[in-house]
Structure formats: structure tokens, C-alpha cells
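Participant: My structure is below; once you've seen it, I'll send some questions.
The values are calculated or read from the model by the stated rules, or taken from the named source; none is laboratory data. Here the structure is a predicted model, which is why all the values come from computation and not from measurement. Every residue, glycine among them, receives a Cβ derived from its backbone with ideal geometry; neighbour counts consider all protein chains shown. We work out accessible area using only protein heavy atoms, side chains counted, and drop any ligands, DNA or RNA first. Shrake-Rupley method; radii C 1.70, N 1.55, O 1.52, S 1.80 Å.
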Amino acid sequence: MRDAYNMAEQTIDASDRRALIEWLETAPWLTQGPLVAEFERRWAAWLGSRHAVFVNSGSSANLLMYYALLVSGRLRNRKVIVPAVSWATTVGPAIQLGFEPIMCEADREHFGLDLNHLEQLLRTHEPAAVILVHVLGVPNGMEQLQTLRARHGFALMEDACAATGSRYDGRHVGTFGDLSSFSFYFGHHLSTIEGGMVCTDDEELHDLLLQLRSHGWAKDLPPEKEAAQAARHGVIEFNRPFTFYYPGFNVRSTDLNARLGLSQMDKVDRVVEIRTRNHALYQARFRDAEGFHVQRNARAEICSIAFAALAATPAHRDAVGRALAARRIETRPLGGGNMSRQPYWAERHGTTVFPVADRIHTTSFQLPNHALLEPDDVHAICDTVLAVRPDGVSRE
């Protein structure tokens, strides 16, 4: 057993740094340029998506998903279903952009959207959009969700920021919805220091994303599309480079970050393999463990950002936390738990009782999963946790 285990370890290694230094020595273009476009093409090809747009964070990727749908003119209303178990910036853009967010309970198995509750909300509110999270990399029940989508006609956003490499029925998550988001933050599957990606198969949404990412101008569109847009609006020829068609943002990334991203793509399959193996090993160790409940999706290959479990009670979780701290194994709760308990939501919409999300809020804990963990490390971490009985007494 190692002296200590961190939740995340740096994926940018010595070879990545050497490649970056060698590239910098050529005095390259540093802001958004040709390497951003190359990284986008390579990521889209690996994922199986037609288009990818590189931005400065996964949170910005979520923001652009919402905004692209909003300005597309496709939404019949501003109602959007958001998941009770998610992340602040999965839900935040709905509030920031003037949507009417409606919160959905979590599923007991995979912790994503409870599809029975979702169906009730769809019938009652007829929302134009739904956003889901593949929680910590565990896919939602995508077959039933796609059936609901066909029946109720909503736009679907996938927050796959913690799910790079996860698959449902052999298909990468992030390829099911109208739009999807990924994160390349430190400790995620791949890292560009900070960074994110928005993916779509829809050409119109892709064109909007390119403009919304960069101030609302059209300079990143193919030349013929930019020219047609300028002509349609009667833009003065000299002013075309600085004409703004939408009230956009500046959430661009840089060629420096993209250079790191391209190096990371050289190892993506190996990283996915290790994280998937580690997650499966965690699941096997916890399968019949007394007092613990873990995420499951039998139709998925799970490439998690971390392994999550629920303790029997809050006191049991506290005892697990003490045991982990004593062995210098880092842990944390599962995201924001029941997001309706978070102040930014509760102050606007009040707190909602969601039995599953509430249990996640009060009893969840995460365990490390990253590409530097070997099977013996996973076993050592499991031994520490599973030694703590539901009554809080150690079995050791």
C-alpha cells in the first residue's frame, strides 16, 4: 500500500511537457489557432461525433449547450429538466440564461435521471429541453430515455464531463443527445490544464457554437457561410471581421492548451482501459459488501472519474471518512448531492425532498480512480473502507 492516495493525479506527464517545450521553442501561434481546430477534429473522430468545439472549461461547454439551444429558435418554451444529482454548472446556466428549471429525482442504480419521475415531469410541464449527467462516468438508462425523447420531443443535452470513454450498449456517451459536454480539467480522464469540449452532429448548432464561443462574431465559420451571413444582414464590407450576430461570450481556449490535448489523445485509449478496469474491480469488491450501495448500469462500460458508494447512514459515512483519513486516502462527497439543497437553488426555488438524492447527499463518498492506480492499490483502498461496519466499528 502506498503512503497516500489522492483522488486525482496529473495526467500531463514528462513526455507531454517535453512535447510542449519543443513546440514552444518553434515560436508558434499561442491563442486559438490551427491546433485548436486539429484537436477538435481528432476528438470528434475518436468520440464518434460530427463536430466538436474546444472551449476553456467543461462549465463553459455546459453554458454554450444551453445558449446554442436558446438562440437556435427551436425551443417551444424555456422549461428545462435538470438533474437533482449533478454539478453547479450543469444547472447554473439554466438560471443565468432565464430558463425555467425543473428538478428531477435521481435513479437509485446509476444516480442519473430517474426516468419514471422524468416521464411524470414531461407530461406535466412539457419542457422543451432536458439535461442529464452521466454521474461520475456511469451512464444513464439511454434506451428508455431515447424512447421518452421520441415521444415528448425535447432537446437533449448530455453532461459527460466525468464520463470520457464510458459506453452504453457499446456506444460512447456524449453521442446520444443533440449536444454534449466534456471536461479536460486536472484530474479528469484527460487534461489540458483547463478546457472543455461541446459536441454535436447538428451542423446548424455547430455553427452557432462557433459564434457564441467567440463574442458572437462569424469569423470562425467557413468563409462561404460568413459571407452569406454578412450579405443577409447588409454588413459593410470593411466592417465584416468585427460584426457581431449574437450577444456571445469569450470562452475560447488556446493552441497551447490544444497542444496538450493532442498529446493526451495519444494515451486516451490506455487511460480509458485502466480507469474501466479499476472501476470494475471496485464494483466487484463492493458487490456484496454489508451496508454499502454502489452505482450500477449492467448495459454500460463504466470509465469513471471516481468510484462512488453510499454508506448505510451518515454516521457510517463519517466512520468511513475517519478510516480513510487515517490511511491518507483522499475522499469527498458525491458532487453537490441533492442540488436543491444548495443555497443558489434553495434561495430561488426552495428545497425539494428527493429520497434518492437526499441519501446521496448525506451518505455518499468517493474513492480514487485514475490511470496511476494499480489493482493492488484498489484492493488496499477497498480493504480500508470495507473494514468499517455499518455500526461504525472497524472489523480489523
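Participant: Considering each residue of the range 50-73, count those that are more than 13 Å from the chain's Cα centre (by Cα), part of a helix (DSSP H, G or I) and under 20 Å from THR31 (Cβ atoms), and give that number. Even if it seems obvious, please write down each step before you answer.
Facilitator: Pass one, the range 50-73, residues more than 13 Å from the chain's Cα centre (by Cα): 50-56, 64, 66-73.
Now narrow it down to the ones that are part of a helix (DSSP H, G or I): 64, 66-72.
Retained after the next criterion (residues that are under 20 Å from THR31 (Cβ atoms)): 64.
Summing the residues that are more than 13 Å from the chain's Cα centre (by Cα), part of a helix (DSSP H, G or I) and under 20 Å from THR31 (Cβ atoms) in the range 50-73 gives 1.
Participant: Are any residues in the range 1-49 surrounded by 13 or more Cβ atoms within 10 Å (Cβ to Cβ), without any contact (Cβ under 8 Å) to a residue 24 or more places away in the chain and not in a helix (DSSP H, G or I), and if so, which ones?
Facilitator: Hit for the range 1-49 is ASP13, nothing else.
Participant: Regarding the range 149-172, can at least one residue be identified that is more than 25 Å from LEU310 (Cα to Cα) and among the β-branched types (Val, Ile, Thr)?
Facilitator: First, the residues of the range 149-172 that are more than 25 Å from LEU310 (Cα to Cα): 149-157, 169-172.
Cutting the leftovers down to among the β-branched types (Val, Ile, Thr) gives us none.
No, every residue in the range 149-172 fails to be more than 25 Å from LEU310 (Cα to Cα) and among the β-branched types (Val, Ile, Thr).
Participant: Look at the range 182-229 and say how many of its residues are under 29 Å from GLY165 (Cβ atoms) and either touching a Pro at 6+ places or on another chain (Cβ under 7 Å) or not hydroxyl-bearing (Ser, Thr, Tyr) (or both).
Facilitator: Within the range 182-229, residues that are under 29 Å from GLY165 (Cβ atoms) and either touching a Pro at 6+ places or on another chain (Cβ under 7 Å) or not hydroxyl-bearing (Ser, Thr, Tyr) (or both) number 27.
Participant: Just a yes or no: is a residue in the range 4-15 under 18 Å from HIS206 (Cα atoms) and either modelled with pLDDT under 95 or among the acidic types (Asp, Glu) (or both)? Show your work before the answer.
Facilitator: Start the filter on the range 4-15 by keeping residues that are under 18 Å from HIS206 (Cα atoms), which leaves none.
So far as the range 4-15 goes, no, none of its residues is under 18 Å from HIS206 (Cα atoms) and either modelled with pLDDT under 95 or among the acidic types (Asp, Glu) (or both).
Participant: A further question follows. Evaluate the following for THR192: is it modelled with pLDDT of 95 or more, under 22 Å from the mean Cα position of the chain (by Cα) and under 22 Å from GLN32 (Cα atoms)? Steps first, answer last, please.
Facilitator: Working: modelled with pLDDT of 95 or more: yes; under 22 Å from the mean Cα position of the chain (by Cα): yes; under 22 Å from GLN32 (Cα atoms): yes.
Yes.
Participant: All but one of (1) touching a Leu at 6+ places or on another chain (Cβ under 8 Å); (2) over 26 Å from VAL294 (Cβ atoms) hold for ALA230, so report the exception by its number.
Facilitator: With (1) touching a Leu at 6+ places or on another chain (Cβ under 8 Å); (2) over 26 Å from VAL294 (Cβ atoms) applied to ALA230, the lone miss is (1).
Participant: Which of the residues that make up the range 285-303 are closer than 19 Å to ARG167 by Cβ and not β-branched (Val, Ile, Thr)?
Facilitator: Within the range 285-303, GLN295, ARG296, ASN297, ALA298, ARG299, ALA300, GLU301, CYS303 meet the criteria.
Participant: Which count do you get for residues in the range 337-396 that are among the polar types (S, T, N, Q), open to solvent by less than 70 Å² (accessible area, probe 1.4 Å) and out of contact with any His (no Cβ under 8 Å at 6 or more places or on another chain)? Give the derivation first.
Facilitator: Residues of the range 337-396 among the polar types (S, T, N, Q): 338, 340, 342, 351-352, 362-364, 366, 369, 384, 394.
Filter again for open to solvent by less than 70 Å² (accessible area, probe 1.4 Å), leaving 338, 340, 342, 352, 362-364, 366, 369, 384, 394.
If we keep only those that are out of contact with any His (no Cβ under 8 Å at 6 or more places or on another chain) as well, we get 342, 352, 362, 364, 366, 384, 394.
The total comes to 7.
Participant: A further question on this structure: Quick test for you: out of VAL82, VAL91, pick the one residue that is among the β-branched types (Val, Ile, Thr), open to solvent by less than 30 Å² (accessible area, probe 1.4 Å) and part of a helix (DSSP H, G or I).
Facilitator: Working: VAL82 fails: part of a helix (DSSP H, G or I).
Exactly one of VAL82, VAL91 is among the β-branched types (Val, Ile, Thr), open to solvent by less than 30 Å² (accessible area, probe 1.4 Å) and part of a helix (DSSP H, G or I), namely VAL91.
Participant: Here is a follow-up. For GLU100, state whether it is open to solvent by less than 10 Å² (accessible area, probe 1.4 Å) and either without any contact (Cβ under 8 Å) to a residue 12 or more places away in the chain or of a type in the set (D, E, K, R) (or both). Spell out the reasoning first.
Facilitator: On the way: open to solvent by less than 10 Å² (accessible area, probe 1.4 Å): no; either without any contact (Cβ under 8 Å) to a residue 12 or more places away in the chain or of a type in the set (D, E, K, R) (or both): yes.
So GLU100 does not fit the description; no.
Participant: Out of the range 243-266, which residues are of a type in the set (A, V, I, L, M) and within 18 Å of LYS219 (Cβ to Cβ)?
Facilitator: So in the range 243-266, the residues of a type in the set (A, V, I, L, M) come out as 251, 256, 258, 260, 262, 265.
Selection gives VAL251, ALA258.
Participant: In addition: Do we find that GLU143 is under 25 Å from VAL294 (Cα atoms) and surrounded by fewer than 24 Cβ atoms within 10 Å (Cβ to Cβ) in this structure? Don't jump to the end; show me each part of the working.
Facilitator: Working: under 25 Å from VAL294 (Cα atoms): yes; surrounded by fewer than 24 Cβ atoms within 10 Å (Cβ to Cβ): yes.
Answer is yes for this residue.
Participant: Then there is this: For the range 292-307, what are the residues that are under 19 Å from VAL356 (Cβ atoms), open to solvent by 30 Å² or more (accessible area, probe 1.4 Å) and not basic (Lys, Arg)?
Facilitator: Across the range 292-307, the qualifying residue is only ALA298.
Participant: Could we say that ALA312 is in contact with a Pro (Cβ under 6 Å, 6 or more places away or on another chain) and under 14 Å from LEU386 (Cα atoms) here?
Facilitator: On the way: in contact with a Pro (Cβ under 6 Å, 6 or more places away or on another chain): yes; under 14 Å from LEU386 (Cα atoms): yes.
Considered against the rule, which asks whether it is in contact with a Pro (Cβ under 6 Å, 6 or more places away or on another chain) and under 14 Å from LEU386 (Cα atoms), ALA312 comes out as yes.
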